[in-house]
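Structure first, commentary second.
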Amino acid sequence: MALEARRVGTKDAGRTAAGGPPLTRVLLTAALVALTAGCGSENGGNAAVPAPPPNIVQPVSERSAAGAYLAGRHAADIGDTAAAADYFAGALAGDPENVELLQGAFALMAAEGRMAEASDLARRLLQYDANAVLAAVVVAIQDAKAGDFAAASRRLEALPERGLGSFLGPLLTAWAKAGQGDIDGAMATVAPLAGNAHFAALHDFHAALINDLADRRDAAEHFYRKTGAGSGAALRYVQAAAAFFERTGRPDEARRLFANYDEDHPDGSLLDGAAVAGGAKAVPSAAAGMAEALFGAATSVRQSNALDAALIFARLALELRPDMPLARILVADILQSRGRLAEANRTYSAIAEGSVGYWAAQLRIAANLDELGDEEGAARLLEKLAAERPQQIDALVALGEILRTGKRYAEAVAAYDRAIARLATVEKRHWVLFYSRGISLERSGQWARAESDLRKALELEPDQPHVLNYLGYSWVEQGAHLDEAKRMIERAVELRPNDGYIVDSLGWVLYRRGDFAEAVRVLERAVELRPEDPTVNDHLGDALWRVGRYDEARFQWQRALSLDPEPELVGGIRGKIVSGLEEKTAAGPAK
């Protein structure tokens, strides 16, 4: 473990895909209805899975069907739903009456956005189970896409009102009525949502959109003011309300809404200021209104970590409105969380320049390129973005983070220098920028500047535990300011008592001050918290030797050596295993 990671108090070696229960736990049980009740599951992993043979959906033998089913389950369990969809389709071709296979293949096709195939499977599934809610929604969406809102309405009105169906059903039905010109019927359908505190904002938003589509401006304005003008309003609500005010000749009100949103989200990059409103109707058609309802459902279940359901609803939203950037970002974000970084980048890349979310998508593409091993490609993209917006710092900050993670510390310093130079005013939230530059300065041997930056970070955020720990530990390593370092690290431990790296720092300052017995006690706690860290184990070995527990000390050093320590530490640890520590030396770990 690098010195930086110990001081930072967290591993800084990259991002990993989110984990969670296997997708098949949802897809292969009885009820796809569970997806519309918010019971989807999160799944992660990026292990390899054999690529399905092309055109796997041709009829296969019973034995091949069983093999395809098992391969599909494995693919789904490790998060490769693309392969899983093909395997399940192949298994279903060999056993076409198997409802469980039909359910699994349908849900997987929907999750992958293969809606033509999902729709065919949904119609077959409804023959077995007329109450298959998700299947009914998919078919209704295809009806609406074809312009047959009457058929969509009939199917949606029959949905049971449970789970997400308690609000998604009425919203979709209302938009189907709006598609038939029945605006009063649409408003009556959503009206019950207004009486539920959980759905009141959703009601007001869709009431605004429906009235706006029908050119009922007074009613639309009434509801837009309720949803988009308040503090903490959702981005999509602000967008829609601002577009309405701009279109109706009140651009100052639109700008005020954006300014309020910026104030609430100073670090956000989804709102791309001047490119957002444009004055067009937020929802130009009833089909687009249904897409809004589906996107709302997707974000709702995403907040509950039901990624399977969120992915399907976001895909359905894009089926009705392919130019919906926020839905595309949600799809890409879920793919990214599952380790499907190249696919996520293709999805991000489909967001047009000038759209809401374009800038955020570009930054995420760069992060994924770095994760995929293309550090230079990520750096080139971030340099391009930094040049496009010379007043913004986020591309340069992201560049600094990539270079720092890649241990290119001097280059990281240069990126952070450029970012800080762009700051018109240094604010409290910028503590992390000075902290990150301070780390890079210290690691590149520029201690005087590093110390200044770390002190600046503490000036902006006095009780930030990672900064307290990093500066304090740095002093300990130098044998400087040990009393102040001890006070700072003790405060960091108070704030983060279960952070093994910070507890290790406290043990090490005690060791450097000669309080070996207390150092042992604290470092034993650090090893409990971070048993896999070689440096923490090495520190405990040193402290144990100082109190005469020589066999235990050698055991800890052997353990540290088995945990793949940094190359510069290996020789010193081996020397201590052979010879122990010199009697009169209280030196720190070998460098």
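No value in this document is a laboratory result; all are computed from the given coordinates. No experiment lies behind these values; they were computed from the predicted model shown. Note: ideal-geometry Cβ built from the backbone for every residue, glycine included; neighbour counts use all protein chains shown.
Going down the list Lys384/Lys407; Lys428/Lys486; Lys226/Lys384, which pairs span over 28 Å between their C-alpha atoms? Exceeds cut-off: Lys226/Lys384.
Estimated translational diffusion coefficient (Stokes-Einstein, Kirkwood radius over Cα pairs, 25 °C, 0.890 mPa s) of segment 57-169: 168 µm² per second.
Computed on the Cα trace of segment 374-460, the radius of gyration divided by the Kirkwood hydrodynamic radius gives Rg/Rh = 0.97. Would you be so kind as to identify which of Ala395, Ala415, Phe434 lies farthest towards the positive end of the dipole of segment 374-460, taking Lys and Arg as +1 and Asp and Glu as -1 on Cβ and the Cα centre as origin? The residue sitting most towards the positive pole is Phe434. Across segment 463-591, Cα-Cα pairs farther apart than 21 Å form 33% of the total. The alpha carbons of segment 122-256 stretch over 55, 29, 22 Å along the principal axes, in descending order. Give me the log10 of I(q) over I(0) for segment 429-515 at q = 0.24 Å⁻¹, as the Debye formula computes it from C-alpha points; what are the numbers? The calculated log intensity ratios at q = 0.24 Å⁻¹ are -1.17. Measuring how big segment 311-409 is from its alpha-carbon positions, Rg and Dmax come out at 14.0, 47 Å.
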